[in-house]
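The values are calculated or read from the model by the stated rules, or taken from the named source; none is laboratory data. Owing to the predicted nature of the structure, the values given are computational and were not obtained by experimental measurement. No Cβ is skipped: glycine too gets one built from the backbone with ideal geometry, and neighbour counts run over all protein chains shown. With ligands, DNA and RNA removed, areas are computed over all heavy atoms of the protein, side chains included. Shrake-Rupley method; radii C 1.70, N 1.55, O 1.52, S 1.80 Å.
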Amino acid sequence: MHFKTTVISLLAAITIAVKGETHTVHFVNNCGHGTPTLIQGPNVLSTGADFTSNGPLISAIAYLQTGACGFNGEGCTLIEMTLVNPTTPGSGSSADISLIPPHAFSVTSGFGYFNGCDGAGADCTSPSCPTAFFEPDDTHVQVACQTNNVDLAVTFCD
């Protein structure tokens, strides 16, 4: 009986370990033009398809490439994100909208968490939206989530 309990416990631990950390970024483009773009450093991670990170997604950006945006979203509305499982209180995921120059309002843009922190997010519907960074110290507009394996939906022209 002890052997059977040990084997079941071991299999449960392996199953939990294999699952690991994942985060998905999902795009909705209601604009009728442009290409949703997800960038991390010098890498294009997605041009509209869902992107799943097997582990943390650190310092990624998203924008609607309309032909007027630079590689890092210059000239366009920018969604910034870090999706990571929290290891201590306050160390989890964070997302925001940035209009800090050289970024500028281009299309209505927003984001929302799902599979955790449902309903938390932000929308920017005009060049003066109160939910966006305009200066680097506008940290009150960041939207945090302290849920493991949370996902993010990014919507354009909603």
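Couple of notes before you dig in:
- Looking only at residues of region 141-158 that are more than 11 Å from the chain's Cα centre (by Cα) and not polar (S, T, N, Q), we find that the one that is surrounded by the most Cβ atoms within 10 Å (Cβ to Cβ) is 156.
- Residues in region 99-115 that are in contact with a strand residue (DSSP E or B) (Cβ under 6 Å, 6 or more places away or on another chain) and either open to solvent by less than 30 Å² (accessible area, probe 1.4 Å) or not aromatic (Phe, Trp, Tyr) (or both): 99, 100, 103, 107, 109, 110, 111, 112, 113, 115.
- Note on region 116-140: among residues that are closer than 25 Å to residue 33 by Cβ and under 14 Å from the mean Cα position of the chain (by Cα), the one that is surrounded by the fewest Cβ atoms within 10 Å (Cβ to Cβ) is 123.
- From the list 113, 63, the lone residue that is among the aromatic types (Phe, Trp, Tyr), in contact with a Cys (Cβ under 8 Å, 6 or more places away or on another chain) and within 20 Å of residue 22 (Cα to Cα) is 113.
- So residue 96, is it in contact with a His (Cβ under 7 Å, 6 or more places away or on another chain) and surrounded by 17 or more Cβ atoms within 10 Å (Cβ to Cβ): no
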